[in-house]
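The values are calculated or read from the model by the stated rules, or taken from the named source; none is laboratory data. The model shown is predicted, which means the values in this text are computed figures rather than measured ones. As a convention, Cβ positions derive from the backbone with ideal geometry for all residues, glycine included, and neighbour counts pool all protein chains shown. Side chains included, ligands, DNA and RNA excluded: accessible areas come from the protein's heavy atoms. Shrake-Rupley method; radii C 1.70, N 1.55, O 1.52, S 1.80 Å.
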Amino acid sequence: MNQQNQNMNTQDTCETFCFDEVKVNRVQKMVEEVSGVESLFKALSDSTRIKIAYALTIEKELCVCDVANIIGSSTATASHHLRLLRDLGLAKHRKEGKLVFYSLADDHVNQLVSIALIHSKENLKKR
């Protein structure tokens, strides 16, 4: 490894190993609370599903046909993605005659999507 790579690797790691046992024990127990949250982020990490979720922050409710046209897919594909969002508690639906309308499950999901978009835009400006 050349000198430049060695310097880059040591800039973001500790040069000696030590830890605060009290902090580690306290935080380690609390960190278990996030178990299961990864599925929420995994669902939103798909480019199609984040587009759908974002569309539902703009329009509070969309039918499956609207979503299919927005993302440029078949209604079956849109329905599949919406069902996954619903199954994970990120979206909810209601049926009106032969139409199925979807909306975000609650304001927390709206905030997650909106904040992620803001963060992404700010991050692009920093580059």
Can you tell me how many residues in region 60-73 are open to solvent by 90 Å² or more (accessible area, probe 1.4 Å) and either closer than 21 Å to Gly36 by Cα or touching a residue at least 24 places away in the same chain (Cβ under 8 Å) (or both)?
-> 1
Among the numbered criteria (1) open to solvent by less than 60 Å² (accessible area, probe 1.4 Å); (2) farther than 25 Å from Ile118 by Cβ, which single criterion is violated by Thr57?
-> (2)
Given Ala53, Ala76, which one is in a helix (DSSP H, G or I), under 26 Å from the mean Cα position of the chain (by Cα) and touching a residue at least 60 places away in the same chain (Cβ under 8 Å)?
-> Ala53
Of the residues that make up region 97-111, is at least one in a helix (DSSP H, G or I), of a type outside the set (D, E, K, R) and either open to solvent by 40 Å² or more (accessible area, probe 1.4 Å) or free of Cβ contacts under 8 Å to residues at least 24 places away in the same chain (or both)?
-> yes
Among the residues listed as Val24, Val34, the single one being open to solvent by less than 100 Å² (accessible area, probe 1.4 Å) and within 28 Å of Leu90 (Cα to Cα) = Val34
